[in-house]
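As C-alpha cells, the structure follows; a few thoughts come after it.
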C-alpha cells in the first residue's frame with residue numbers, strides 16, 4: 001500500500017461514526033467527540049457532536065449533541081441539540097431543547113419543546 005493510499009484510508013476511518021449495533025446492550029454514560037450511531041439498547045446519558053438513533057435502538061437516558069440529533073427509534077429522556085429531527089418511526093418521551101426542530105408525520109411523541117434563541121452579531125456586545 002502506498003503512503004498516499006494509507007493516508008486516505010486513515011482519513012476515511014477518522015470520519016466514520018462510532019457505532020453501537022442492534023444486538024448490544026450498554027449501561028452507563030457515553031461521550032464521543034464526533035458522530036455516534038446507535039442501533040442497540042443504551043441506558044444512560046450520551047454526549048456527542050452528532051447522535052443518530054437508528055430504527056431498532058432503544059435509549060433510556062438524555063441525549064446531548066453539539067450539532068444534530070436524529071431519532072428513528074425509541075428514546076425516553078431529554079434531547080438537547082442545535083438541530084433535532086424526529087423521523088416517522090421515532091418514539092420519544094421527554095423534553096426537547098433546540099434551535100431547529102423537524103418532525104415527520106407518524107412520529108409518536110410525548111414531549112415538551114423549547115426553542116433556543118439564536119444570537120445574532122448585532123446583539124453581541
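Relative to a virtual label point 7 Å from the Cα of residue 93 in the Cα→beta-carbon direction, which members of segment 27-64 show backbone nitrogen distances below 20 Å? Only 27-28, 40-46, 53-64 pass the distance filter. Among 36-42, 90-96, sorting by the average number of other beta carbon atoms lying within 10 angstrom of each residue, highest first, gives 36-42, 90-96.
For segment 61-94, backbone nitrogen atoms closer than 20 Å to the point 7 Å from residue 19 Cα along Cα-to-C-beta are found at 69-74. Each residue, residue 76 and residue 32, gets one label point 7 Å from its Cα in the Cβ direction; the gap between the two is 2.3 nm.
A short reminder: the numbers here are calculations on the coordinates, not readings from a lab. Quick caveat: nothing in here was measured; it's all calculated off a predicted structure. FYI the Cβ positions are ideal-geometry reconstructions off the backbone, even for glycines, and counts take in every protein chain you see.
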